[in-house]
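This report concerns only the one structure given below.
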Amino acid sequence: MRYVSTRGAAAPQRFTEILLEGLAPDGGLYVPQAWPKADLPSWRSLPYPALAYEVLSKFIDDIPALESLVKRAYAARTFGGEEITPVKTLEPGLHLLALANGPTLAFKDLALQLLGELFEWILKEKNQSLNILGATSGDTGSAAEYAMRGKRGIRVFMLSPHQRMTAFQSAQMYALQDANIHNLAVKGVFDDCQDVVKAVNADAAFKAQHRIGAVNSINWARVAAQVVYYFKGYFAVTKDERQSVDFAVPSGNFGNIYAGYVARRMGLPIRKLILASNENDVLDEFFRTGKYRIKRKVQHTTSPSMDISKASNFERYVFELVDRDPARVKDLWRRLEADGEFDLSHSPYWPRVASSGFVSGKSSHHDRLSTIRMVFEKYGLMIDPHTADGVKVALEHREPLVPLVCLETALPAKFAATLREALGREPQRPAEWRHLEQLPQRFTLIEPDADAVKRYIASH
Ligand SMILES: *Cc1c(COP(=O)(O)O)cnc(C)c1O
């Protein structure tokens with residue numbers, strides 16, 4: 001399999017050539033040159049690691065150790081059981097796909113645990129090391145740290161806003177004692193952290209000298225890893241391949257639901273991909289109206305991992321809508337940069353949005369609370385605020401006779417304050433996290449200043 005850029009000006013690359021890269025040199029995103037086909041009947045009864053290997057080997061054909069790396073990434077003890085992503089049935093035809101049983105209780109573990117194995121393998125192969133620099137408001141940073149802890153050749157420098165995450169989220173990161181993990185608590189907000197990361201990355205000489213890398217959501221390996229659980233969820237709720245299924249996905253950067261689109265392109269019988277936005281509704285607006293309008297300001301909400309102003313993986317989907325014509329993609333993104341928006345509603349591409357399976361809706365703080373309450377009262381189950389956004393929009397699009405699978409993207413324990421507001425009680429917490437906030441914490445307080453961060457990296 002070779003990978004091409006959505007902007008068309010980069011030479012096709014093998015998987016191992018794009019694994020450690022972010023954007024393609026022409027500013028586009030890498031996508032596979034063609035969609036591989038799934039072999040549904042023979043994949044149906046495979047355990048998760050074997051299924052993951054079958055799906056991933058369609059995209060990754062230049063890593064001889066892939067099978068053993070996949071096995072290590074999806075170990076039962078990392079994800080609380082052999083199933084890795086079990087289905088919880090709320091009532092006949094309505095299910096949750098539990099994606100948040102990994103080390104940091106959010107679905108990002110499923111991609112990052114694999115990324116940790118792949119990175120360690122390729123760095124050893126190339127006899128190189130890598131310093132991962134990132135900024136986090138909660139979920140991505142901790143998933144990256146738990147995936148990279150103790151890995152040879154890798155150090156993580158993670159910037160987080162001092163005293164601005166939930167107590168659970170900061171304790172989860174700061175309790176790590178591994179020597180290769182560096183938590184930098186920035187005296188500022190998340191945007192300050194991001195600005196510092198941008199400023200450090202803008203210094204090309206520093207970046208090259210210190211081998212600075214990233215684990216952001218546009219990394220193709222992350223997308224590919226996420227394709228697997230759509231198959232797993234589909235097989236869990238169907239008897240054979242004649243049955244179509246709808247999936248509902250609480251969305252931010254469009255990485256998770258785009259993986260569902262990839263599964264559909266591979267031949268998985270997905271009827272609808274139901275996208276749920278929170279108050280930051282750029283994606284919902286696009287799927288309803290054909291207008292993609294970047295927001296100037298991100299609204300901080302109670303489903304914070306969906307708080308985005310633009311969706312970084314969206315370009316991959318638009319590339320498909322315009323028949324993989326890079327000139328059109330470039331033109332649309334030129335307009336986006338100039339005007340902050342583009343409009344496909346009167347173009348020949350708009351009808352393809354519906355035929356690609358996407359529908360959408362949005363959910364507010366009030367909707368989130370009432371959905372958490374409804375699910376608890378009706379099914380006796382606590383769900384997190386992101387999952388609640390998904391369930392709320394899913395039910396608006398539900399159709400009789402079509403199984404509906406809502407992706408559970410985090411556990412409620414991570415968002416205790418919102419659960420208390422909705423239910424007046426504490427969310428359950430997995431036993432191993434019971435005393436998390438009492439563990440000794442290890443972090444370095446730092447000014448929101450790129451030079452201070454560069455000095456820290458250089459001396460560590
Ligand atoms: C990251 C995240 C999302 C959004 O996923 P995208 O791939 O960015 O669309 C939703 N819910 C939770 C809990 C997350 O951590």
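Structure data summary
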read-out: About the Cα centre, charge dipole magnitude for the chain (Lys/Arg +1, Asp/Glu -1 at Cβ), debye; value: 280 debye
read-out: Note, ³J(HN,Hα) from phi for region 76-88, Karplus 6.51, -1.76, 1.60, rounded to Hz, x at Gly and Pro; value: 4, 6, 6, 10, x, x, 4, 6, 6, 10, x, 9, 10
read-out: Net charge of neighbours whose Cβ lies under 12 Å from the Cβ of residue 305, counting Lys and Arg as +1 and Asp and Glu as -1; value: -2
read-out: Convex hull (Cα only) mean projected area of the chain, reported in nm² to one decimal; value: 20.5 nm²
read-out: Prolate/oblate/rounded label for region 201-298 (Cα gyration tensor, a/c 1.5); value: oblate
read-out: Peptide ranges 186-192, 228-234 listed from the most packed, as the mean C-beta count within 10 angstrom indicates; value: 228-234, 186-192
read-out: Relative contact order (%) - region 329-460, alpha-carbon pairs under 8 angstrom, separation at least six; value: 17 percent
read-out: Helical contribution to [θ] at 222 nm, DSSP H n ≥ 4, -39,500 (n - 2.57), averaged over the chain, rounded to 500; value: -12500 deg cm²/dmol
read-out: Across 291/330; 108/378; 126/151; 108/232, pairs whose alpha-carbon gap is larger than 19 Å; value: 108/378
read-out: Average accessible area per residue (Å²) across region 1-140 - probe 1.4 Å, nucleic acids and ligands excluded; value: 38 Å²
read-out: Placed amide H near residue 358: partners under 5 Å, 5+ positions off or other chain; value: 273
read-out: Highest to lowest packing among 123-133, 424-434, scored as the average C-beta count within 10 Å; value: 123-133, 424-434
read-out: Summed side-chain charge close to residue 288 - residues other than residue 288 whose Cβ falls under 11 Å, Lys, Arg +1, Asp, Glu -1; value: -1
read-out: Positive-pole candidate from 161, 98, 65, dipole of the chain, charges at beta carbon; value: 65
read-out: Around residue 132: net Lys/Arg minus Asp/Glu count, Cβ-Cβ under 14 Å; value: +3
read-out: Fraction of accessible area attributable to carbon and sulfur, the chain (%, probe 1.4 Å); value: 49 percent
read-out: Cα centre as origin, Lys/Arg/Asp/Glu Cβ charges: region 145-199 dipole, Debye; value: 220 debye
read-out: Estimated D of region 260-382 in µm² per second, where Rh is the Kirkwood radius over Cα pairs and Stokes-Einstein applies at 37 °C, 0.692 mPa s; value: 205 µm²/s
read-out: Förster-model FRET efficiency, 22 Å R0, residue 346 and residue 399, C-beta, rounded to 0.05; value: 0.15
read-out: Linear extension gain, residue 204 paired with residue 294, 0.36 nm per residue minus alpha-carbon span; value: 29.6 nm
read-out: Residues whose placed amide H lies under 5 Å from that of residue 248, excluding near-sequence neighbours; value: 274, 405, 406, 407
read-out: Rounded Å value of the spacing that divides the Cα centres of region 1-78 and region 263-301; value: 24 Å
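The values are calculated or read from the model by the stated rules, or taken from the named source; none is laboratory data. Just so it is clear, the structure is predicted and the values come from calculations on it, not from any experiment. Cβ coordinates were reconstructed from backbone atoms using ideal geometry, including for glycine residues, and neighbour counts include every protein chain displayed. Just so you know, the surface numbers come from the protein's heavy atoms only, side chains and all, with ligands and any DNA or RNA stripped out. Shrake-Rupley method; radii C 1.70, N 1.55, O 1.52, S 1.80 Å.
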